[in-house]
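*Asks:* Just passing along the structure, written as structure tokens.
The values are calculated or read from the model by the stated rules, or taken from the named source; none is laboratory data. From a predicted model like this one, the values you see are computed outputs, not experimental measurements. Reconstructed Cβ throughout: ideal geometry from the backbone, glycine too, with neighbour counts over all protein chains shown. Areas reflect the complete protein model, heavy atoms only, side chains present, ligands, DNA and RNA absent. Shrake-Rupley method; radii C 1.70, N 1.55, O 1.52, S 1.80 Å.
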Amino acid sequence: MKVDLFDFHLPEELIAQTPLIERTSSRLMVLDKEKGTTRHTVFKQIKEHLKAGDCLVLNDTRVLPARLFGEKEGTGAKIEVLLLKQLEGDSWETLIKPAKRVKEGTRIVFGDGKLSAVCTQTSEHGGRVLEFQYDGIFYEVLEQLGEMPLPPYIKEQLDDQERYQTVFARERGSAAAPTAGLHFTEQLLEEIKELGVHIAFITLHVGLGTFRPVNVEDLNEHEMHSEFYQMTEGTARLLNEVREDGGRIISVGTTSTRTLETIASANNGRFEEASGWTDIFIYPGYEFKAIDGMITNFHLPKSTLIMLVSALAGRENVLNAYREAVEEKYRFFSFGDAMLII
């Protein structure tokens with residue numbers, strides 16, 4: 001299958017640069033995955049499309065303020081560091097700009113010495129392994145010195161960094177937000193529970209590989225980066241009960257989808273307590289084993305995310321819906337509007 005099959009025209013002005021003041025006021029397109037028909041509403045009305053016995057599955061990962069600005073010791077050269085993945089102890093896989101200034105043995109200093117790091121390993125495309133030194137608790141130091149790593153298509157600064165966190169974010173570790181969850185407030189989640197809809201949480205720490213462009217013509221040649229996931233025994237039990245009772249499992253976001261499908265695929269369609277690394281790549285032709293529906297944002301042309309959505313709802317249905325979204329001037333990407341596929 002060719003990557004160009006997932007291309008569409010997106011005017012740049014439709015890329016949302018800032019979040020709406022009220023999380024639930026974003027627009028919502030409801031796509032019937034069987035018929036291909038669409039309805040237009042607002043996110044706070046999503047309750048109308050949920051039924052008692054259904055289960056929403058949310059990703060409770062918390063985005064790290066993972067962008068650091070420091071200086072190369074000895075020269076004062078400016079260095080930008082993006083934390084990608086914790087390896088062991090205080091050792092992190094990172095991206096460095098400009099990478100040519102950082103070789104093995106290079107020391108970088110941040111925040112007048114509150115934090116420092118030594119490069120212990122180099123790789124291509126700006127990848128570096130850094131070993132950090134600090135006093136106190138690393139995450140507290142990071143909260144003081146780090147900035148939120150907004151996607152490159154967002155050009156404006158974020159006044160309130162919590163707007164790039166879901167209201168249920170609790171497990172630190174992501175390099176990017178699970179953006180479909182940004183539309184929920186605690187009040188809306190309570191109202192959904194009052195309908196008899198179950199709420200379940202899983203964790204997948206989003207890596208930047210999720211947003212990496214597909215640079216091959218044939219999808220069979222694309223390799224996904226691996227990301228850490230976790231499901232508790234309680235969540236697994238709840239999801240199995242929902243399935244047995246005839247309820248729908250509706251994932252909130254592509255990250256929740258990938259986690260659920262990874263676990264169900266390994267357990268003959270059932271859910272089990274599990275943790276590990278997944279590099280699952282879902283595109284048309286994939287047979288879903290875990291979910292019945294999905295809440296998601298509007299994604300980049302030719303991205304792995306629109307491919308996943310197309311696997312669930314059909315490529316033609318999705319591209320038609322996206323063309324309609326463009327015509328109706330929906331807001332796209334991380335701070336944009338939402339789609340419910342059922």
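*Asks:* Using a 1.4 Å probe, how large is the accessible area of Ser226, given in Å² and rounded to the nearest 10?
*Replies:* 50 Å²
*Asks:* By average Cβ neighbour count within 10 Å, what is the ranking of 113-121, 177-185, 30-38 from highest down? It would help to have the intermediate numbers written out before the result.
*Replies:* On the way: 113-121: 17.0, 177-185: 24.2, 30-38: 15.3.
In decreasing order of mean packing, 113-121, 177-185, 30-38 become 177-185, 113-121, 30-38.
*Asks:* Related question: Rounded to whole Å and sorted largest first, list the principal axis extents of the Cα atoms in the chain.
*Replies:* 64, 43, 41
*Asks:* Applying 1/(1 + (r/R0)^6) with R0 = 25 Å to the Cβ-Cβ distance of Leu195 and Glu272, what FRET efficiency is obtained, to the nearest 0.05?
*Replies:* Efficiency computed from Cβ-Cβ geometry: 0.35.
*Asks:* When the helices in the chain are scored as -39500 (n - 2.57) per DSSP H run of 4 or longer and the sum is shared across all residues, what 222 nm value do you end up with, to the nearest 500 deg cm²/dmol?
*Replies:* Computed mean residue ellipticity for the chain: -5500 deg cm²/dmol.
*Asks:* How much of the accessible area of segment 106-237, in percent, comes from carbon and sulfur atoms when a 1.4 Å probe is used?
*Replies:* In segment 106-237, the share of accessible area belonging to carbon and sulfur is 43 percent.
*Asks:* For every other residue with a beta carbon closer than 9 angstrom to the beta carbon of Met231, add +1 if it is Lys or Arg and -1 if Asp or Glu, then tell me the sum.
*Replies:* Working: positive: none; negative: Glu233, Glu272, Glu273.
Here the count lands on -3.
*Asks:* May I ask you to give the average projected area over all directions of the convex hull of the Cα atoms of segment 65-145, in nm² rounded to one decimal?
*Replies:* 4.7 nm²
*Asks:* Which order, highest average first, do 261-268, 20-27, 197-204 follow once you tally other Cβ atoms within 10 Å for each residue and take the mean per peptide?
*Replies:* Details: 261-268: 18.0, 20-27: 15.9, 197-204: 22.6.
So the peptides 261-268, 20-27, 197-204, ranked by packing, come out 197-204, 261-268, 20-27.
*Asks:* Could you list log10 I(q)/I(0) for segment 41-194 at q = 0.16, 0.17 Å⁻¹, which the Debye formula gives when each Cα is one point scatterer?
*Replies:* Here the Debye-derived log intensity ratios amount to -0.89, -0.97.
*Asks:* Follow-up. Identify all aspartates and glutamates with a Cα-Cα distance to Lys302 below 17 Å; exclude those on the same chain that are fewer than 8 residues away in sequence.
*Replies:* Filter leaves Asp4, Asp7, Glu12, Glu217, Asp218, Glu221, Glu223, Glu316.
*Asks:* How high is the relative contact order of the chain, in percent, with contacts defined as C-alpha pairs under 8 Å that are six or more residues apart?
*Replies:* 26 percent
*Asks:* At 37 °C and a viscosity of 0.692 mPa s, what translational diffusion coefficient does Stokes-Einstein give for segment 120-186, taking Rh as the Kirkwood radius over Cα pairs? Give it in µm²/s as a whole number. Present the calculation step by step, with values, prior to reporting the outcome.
*Replies:* Values: Rh = 14.6 Å.
Once the numbers are plugged in, D ends up at 224 µm²/s.
*Asks:* Excluding same-chain residues fewer than 8 positions from Lys100, which lysines have a Cα within less than 27 Å of its Cα?
*Replies:* Lys72, Lys78, Lys85, Lys114, Lys155
*Asks:* In square angstrom, what is the accessible area per residue of segment 1-126 with a 1.4 angstrom probe?
*Replies:* With all protein chains present, segment 1-126 gives 52 Å² per residue.
*Asks:* Pick from Tyr229, Tyr330, Tyr153: which is most flexible by mean-square fluctuation in a GNM of the chain where alpha carbon atoms under 10 Å apart are linked?
*Replies:* Among Tyr229, Tyr330, Tyr153, the largest GNM mean-square fluctuation belongs to Tyr153.
*Asks:* Among Ser116, Leu319, Val197, whose Cα sits farthest toward the positive end of the charge dipole of the chain (+1 at Cβ of Lys/Arg, -1 at Cβ of Asp/Glu, about the Cα centre)?
*Replies:* Most positive-ward Cα: Leu319.
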